[in-house]
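J.: So that we are looking at the same thing, I have put the structure below in structure tokens.
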């Protein structure tokens, strides 16, 4: 079932459609939030808020448009909102408290993602994570509302920075 169909079912009150929608988009939503917030626990909070809004506003989704881009925009806005709310708060250092926070990146790529998070600008990080999720540059451009050449430039620039950081 496509994301479009799942959102339509969700808008009709069929909560069983949420599981497939979540599985298909969780990585993308997480990495978009992480690119804005730069902290895993905050990205997970933004992710939760995003999916609550997806459920609440599924009826506002226009069928036939890009469901993935719609969800990504919600994720980005939730992350930005959370970042603004947290700007005045003192956050816990994740490095010192790693044992307290379960890591979404427990699959072995965590160190590389942490390096990218520290090295890249928010816009570059978002593009790299979406490429890593398997999206084409054309799809990323649509999700982030950017021209394709800008996505390509950000990706190439990010790769150069990561190679430099890795000493290659």
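J.: Only residues that are loosely packed, with under 14 Cβ neighbours inside 10 Å and over 13 Å from residue 11 (Cβ atoms): list them for region 46-63, please.
T.: The answer is 48, 52.
J.: Something else: Taking the condition under 28 Å from residue 116 (Cα atoms) and not assigned by TED's automatic domain parsing to the domain that holds residue 124, does residue 57 pass?
T.: no
J.: Does region 90-108 include one or more residues that are at pLDDT 85 or above, under 21 Å from residue 29 (Cβ atoms) and crowded, with 16+ Cβ neighbours inside 10 Å?
T.: Within region 90-108 (the criterion being at pLDDT 85 or above, under 21 Å from residue 29 (Cβ atoms) and crowded, with 16+ Cβ neighbours inside 10 Å), the answer is no, since none of the residues qualifies.
J.: Within the group 124, 78, which residue is modelled with pLDDT of 90 or more, closer than 20 Å to residue 27 by Cα, surrounded by 20 or more Cβ atoms within 10 Å (Cβ to Cβ) and outside the structural domain of residue 7 (by TED's automatic domain parsing)?
T.: Going through 124, 78 in turn, just one is modelled with pLDDT of 90 or more, closer than 20 Å to residue 27 by Cα, surrounded by 20 or more Cβ atoms within 10 Å (Cβ to Cβ) and outside the structural domain of residue 7 (by TED's automatic domain parsing): 124.
The values are calculated or read from the model by the stated rules, or taken from the named source; none is laboratory data. These numbers come from a predicted model, not from an experiment. Because the Cβ atoms are built from the backbone with ideal geometry, glycine has one as well, and the counts that use them run over all protein chains shown.
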